[in-house]
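Before any comments, here is the structure.
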Amino acid sequence: MTGSDEALYLAIDQGGHASRSIVFNGHGQPVAEAFCEVSTQHPHEDQVEHDAEEMLQSILTTLNKVSEQLGSRTQAIKVAGLATQRSSIVCWDRHTGQPLSPIISWQDRRAHSWLEQFAHHRAEIHKTTGLYLSAHYGVSKLRWCLDNIPAVAKAHENGHLAWGPIASFLLFRLLKERPMLVDPANASRTLLLSLKTMDWDPALLRLFDIPANPLPRCVPSCYSYGTLPLGGHSVPLTITTGDQSAALYAFGQPDSRSAYINMGTGSFIQCLTGTQAVDAPGLLSSIILDDGTQQHFVLEGTVNGSGSALSQIEKELAIDPTEAEALVPSWLEKVINPPLFLNGISGLGAPFWVPNFNSRFIGEAEPWEKIVAVAESILFLLHVNLNEVQQHRPALKGIVATGGLAQVDGLCQRLADLSGLPLYRPTEAEATARGTAFLLAGCPDDWPEQHAGTHFTAGENPPLQLRFKKWQQAMKDELKKYAG
């Protein structure tokens, strides 16, 4: 099909800072797109929230815009898909759809002390879910809502409560059928999903004292979720998944010999392990797709303090974020000997898992030098995770880097130098939406990247390697304070 008869695919990407709707054709070319920012609230330390109604409206705004752009071609949209932040949760009324809580972000750690009572169950939780006991995941947030928000407790008593990943809330409100459904990539981030059964685990529900009835029903990633009203038409929504999971498919079928790194608010390393989950100490085993016949898994490492770390330190140093964004590339070239930064902002993630890590600088420096130190700390944490991944996937041939921070040449070059691996940065920045569209289009063979990306060859960088070794030793010394 060509022209007005060509089948189109709508990808809805709900991220931490904005919602996007992008319509692609069958060759991976965007034909309409819209963007709407989403605000973030920080009511108290360790608390990160979004307004649920605002987030929903941001998506509706983008949908209206792409429909206006397409006009009569809106009816050519064959199917739609939704990709969201995986570990963020919300509570709502299953009768009215009214939010009963804010969206509690994946970055939120308000209930980490509540989780400490389950520390001796850490091994069995990891075995069942592929994850580690962490307040970034949904279970502690759900329990906190039930214990601290009267409207949530009352709705539970009356049998009206619905709760779960934000994907489920958005499906409920966006689709005509008001489904109570959840895909495995998002469900797994609650710490309640069994990777063996692909369903809520009864033992974990009992352990955490989480009522099962308000939870959505677990279904595959590829499923008939319902129909989306759009420009006077009804579009079937047939894919729901997590943002990081979708990003892997942005340029076609992912390569098992590559490490995929998405550098945004947080940074995530993913490496395919096929149709079997692989147990690797310190790393996560994550499901990225259930196509209805088999599941697909990755080993995953997480750096919680990535873009969020830069934002926090810029604020503390009274540096204008817009100025910093423009100047970081030149600072990276200018600063020859930055200090070290022990980065546990938003909680120290893989492979350490210390929720209350005390971030700090080692050495005195000017503000812009400290920003370089924070940027390098992100790379150092990624390198540690990459080393862990290579213990289990030793045949890696390179890195594919996407996300906002990956647009900085100096960061990509340093990561290549640290790892000794060539790094490729695709031109297409919206990897989540494009990956969703690839899945919607039926994983076509002719899904090329539209423009050549940038290649970074690993080079010798002794000063960087020396700073990494010093940072590694400083982290080792600091972590002794948290042992036991």
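Some values worked out for this structure:
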read-out	value
Residue under evaluation residue 348, criteria (1) crowded, with 20+ Cβ neighbours inside 10 Å; (2) out of contact with any strand residue (DSSP E or B) (no Cβ under 7 Å at 6 or more places or on another chain); (3) not charged (D, E, K, R), criterion not met	(2)
Subset of the range 69-127 [of a type in the set (Val, Ile, Thr) and within 27 Å of residue 247 (Cβ to Cβ)]	74, 77, 79, 84, 89, 90, 103, 104, 125
Residue selected from the range 388-409 under the condition surrounded by fewer than 17 Cβ atoms within 10 Å (Cβ to Cβ) and in contact with a helix residue (DSSP H, G or I) (Cβ under 7 Å, 6 or more places away or on another chain), by the criterion nearest to residue 300 (Cα to Cα)	404
Some residue of the range 220-235 being in a strand (DSSP E or B), within 25 Å of residue 349 (Cβ to Cβ) and in contact with a Lys or Arg (Cβ under 6 Å, 6 or more places away or on another chain)	no
Residue list for the range 141-174, filter: touching a residue at least 40 places away in the same chain (Cβ under 8 Å) and of a type in the set (Gly, Ala, Ser)	151, 155, 159, 162, 164, 167, 168
Residue within the range 273-285 that is within 18 Å of the chain's Cα centre (by Cα), of a type in the set (A, V, I, L, M) and surrounded by fewer than 24 Cβ atoms within 10 Å (Cβ to Cβ) present	no
Odd one out for residue 394 among (1) under 29 Å from residue 330 (Cα atoms); (2) at pLDDT below 95	(1)
Filtered residues of the range 271-318 (kept if under 25 Å from residue 127 (Cβ atoms), in a loop (DSSP other than H, G, I, E, B) and not acidic (Asp, Glu))	275, 276, 277, 278, 280, 281, 282, 283, 293, 294, 304
Options 155, 203, 187: the member that is out of contact with any helix residue (DSSP H, G or I) (no Cβ under 7 Å at 6 or more places or on another chain) and either outside the structural domain of residue 135 (by TED's automatic domain parsing) or closer than 21 Å to residue 436 by Cα (or both)	187
Residue within the range 117-132 that is acidic (Asp, Glu), within 18 Å of residue 348 (Cα to Cα) and more than 20 Å from the chain's Cα centre (by Cα) present	no
Selected residue (criterion: nearest to the chain's Cα centre (by Cα)) from residues of the range 433-460 that are of a type in the set (D, E, K, R) and either in a loop (DSSP other than H, G, I, E, B) or modelled with pLDDT under 90 (or both)	449
Matching residues, the range 414-431, being closer than 16 Å to residue 452 by Cβ and among the basic types (Lys, Arg)	425
Residue in the range 387-396 that is closer than 30 Å to residue 292 by Cβ, in a helix (DSSP H, G or I) and outside the structural domain of residue 30 (by TED's automatic domain parsing) present	yes
Residue within the range 157-179 that is within 18 Å of residue 295 (Cβ to Cβ) and touching a Pro at 6+ places or on another chain (Cβ under 6 Å) present	no
Residue that is nearest to the chain's Cα centre (by Cα), among those in the range 78-93 that are crowded, with 24+ Cβ neighbours inside 10 Å and within 15 Å of residue 8 (Cβ to Cβ)	81
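The values are calculated or read from the model by the stated rules, or taken from the named source; none is laboratory data. Because the structure is predicted, anything quoted here is derived from the model rather than measured. Positions of Cβ are generated from backbone atoms using ideal geometry, with glycine treated the same way; all protein chains shown enter the neighbour counts.
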